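J.: I have a structure I would like to understand better, so I am pasting it below and will then ask my questions one at a time.
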Amino acid sequence: MFAYRRPRRAAVRRLLRLAARSGNDAVRVLLSVDFEDWHQLVRRRVGAAGWSRPGPALERQTAALLALLDELGARATFFVLGMAARSHPALVEAIAARGHEIACHGDQHLPVHSQTPGQFAEDLRAARATIERLTGSRPLGYRAPAFSIGEASRWAHDVLAAEGFAYDASMHDSPRIRGRIPATGARPHALQLERGGSLWELPVAVWRVGSARIPVGGASYWSVLPTALVLRGLASAGPMAGLYLHPHELDPLPLNASVGSDAAVATRVHARLRALQRNAARRRAPSVLRAIAGRYRTITYGEAYAQLSAGGDTRS
Ligand SMILES: [Zn+2]
């Protein structure tokens, strides 16, 4: 599934020369976490029995993540998956109590383009009801599972606005995302909606070098990108550079989907492969995040939205 190829050595050397040049001090990094239970999702994906049973991993992952954010003095936006929140309500309450922004990642982690507008609205409402029950506040922002608002599902923006969301953070101009909406630019921008209303789009950071697209904003890519490249790429992708990670990327222990010894061989192999891919990113995430926070000012998506909707310029 994770198939981003390691850049060739000559290309890395060329990019590192660029990286040595000065960055942009005005860049702000929009820090976010897609809050979901990796074990729950991977077990569902490989067809494991009892996949929805909550495991202990998300608790230790969240503890590690919150400790790192405290160490960095950073607040983040947590795009919370409704299904994970119902399995781990105390974790969502703890995240909100620390002052992090709680936004919405949908309820069932189904691709938006696989749903009808009505089903999408229902999924949003289910997640929002869970989030409001646990935190007492209404989420302003949304991020689609796997950035799945594509060219054929632009209608989702109208549904989000109609459901009262103020911003979307699903645009990711990564070569890995098929059917994606061609980026109209790296900057946050107001979307033109067919049915009126307004919605801000706050894209994930992508470094454009010629015709190449380097997705520096996703922690899942950091396993194949040198830290200096990520830092340089964020400077180019800014001035408001969206960044996302997942709790499993902060897990202090290796990921293991534990599908059970009675599972079919294909299920066990599939689960093992997914764990191998994710463990590579897991080893790099804390050090890269420390480097980013040491270099750039981090803010939440909600703070960025507040500045933008008040007429703030993304360049300052
Ligand atoms: Zn997700």
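J.: Any residue in segment 119-145 that's surrounded by fewer than 23 Cβ atoms within 10 Å (Cβ to Cβ): show its pairings with residues that are hydroxyl-bearing (Ser, Thr, Tyr) and part of a helix (DSSP H, G or I) at Cβ separation under 7 Å, as long as the two are six or more apart or on different chains.
T.: That search, which allows pairs on different chains as well, returns Leu140/Tyr305.
J.: Might you check whether a residue that is at pLDDT 90 or above and within 13 Å of the ligand (Cβ to nearest atom) occurs anywhere in segment 63-79? Lay out the reasoning, then the answer.
T.: Restricting attention to segment 63-79, the residues satisfying the condition of being at pLDDT 90 or above are 63-79.
Applying the additional criterion that residues be within 13 Å of the ligand (Cβ to nearest atom) yields 78-79.
The answer is yes, given that some residue of segment 63-79 is at pLDDT 90 or above and within 13 Å of the ligand (Cβ to nearest atom).
J.: Can you name every residue in segment 228-258 that is hydrophobic (A, V, I, L, M, F, W, C), under 17 Å from Tyr301 (Cβ atoms) and away from the ligand (no atom under 16 Å from the Cβ)? Don't jump to the end; show me each part of the working.
T.: Here is the first cut: in segment 228-258, the residues hydrophobic (A, V, I, L, M, F, W, C) are 228-231, 234-235, 237, 240-241, 243, 245, 250, 253, 255, 257.
Pick out the ones that are also under 17 Å from Tyr301 (Cβ atoms) and you get 234, 237, 240-241, 243, 245.
Listed by number, the residues that qualify are Leu234, Ala237, Met240, Ala241.
J.: Among (1) away from the ligand (no atom under 15 Å from the Cβ); (2) at pLDDT 95 or above, which single condition is Ala49 missing?
T.: With (1) away from the ligand (no atom under 15 Å from the Cβ); (2) at pLDDT 95 or above applied to Ala49, the lone miss is (2).
J.: Considering every residue within segment 86-102, establish whether at least one is within 14 Å of the ligand (Cβ to nearest atom), within 15 Å of Thr62 (Cβ to Cβ), surrounded by 24 or more Cβ atoms within 10 Å (Cβ to Cβ) and at pLDDT 95 or above.
T.: No: segment 86-102 contains no residue that is within 14 Å of the ligand (Cβ to nearest atom), within 15 Å of Thr62 (Cβ to Cβ), surrounded by 24 or more Cβ atoms within 10 Å (Cβ to Cβ) and at pLDDT 95 or above.
J.: Follow-up. Cβ-Cβ distance below 8 Å, separation of 6 or more or different chains: which pairs start in segment 212-237 with a residue that is within 14 Å of Arg295 (Cα to Cα) and surrounded by 19 or more Cβ atoms within 10 Å (Cβ to Cβ) and end on one that is of a type in the set (D, E, K, R) and modelled with pLDDT under 90?
T.: The qualifying pairs are Arg232/Arg21; Ser236/Arg208.
J.: Testing Phe165 on (1) of a type in the set (A, V, I, L, M, F, W, C); (2) part of a loop (DSSP other than H, G, I, E, B); (3) within 16 Å of the ligand (Cβ to nearest atom), one condition comes back false. Which one is that?
T.: Of the numbered conditions (1) of a type in the set (A, V, I, L, M, F, W, C); (2) part of a loop (DSSP other than H, G, I, E, B); (3) within 16 Å of the ligand (Cβ to nearest atom), the odd one out for Phe165 is (3).
J.: Right, something else. State yes or no: is Glu132 modelled with pLDDT of 95 or more and more than 16 Å from the chain's Cα centre (by Cα)? Reasoning before the result, please.
T.: On the way: modelled with pLDDT of 95 or more: yes; more than 16 Å from the chain's Cα centre (by Cα): yes.
Here the answer is yes, as Glu132 does meet what is asked.
The values are calculated or read from the model by the stated rules, or taken from the named source; none is laboratory data. Keep in mind it's a predicted model, so treat the numbers as computed, not measured. Positions of Cβ are generated from backbone atoms using ideal geometry, with glycine treated the same way; all protein chains shown enter the neighbour counts.
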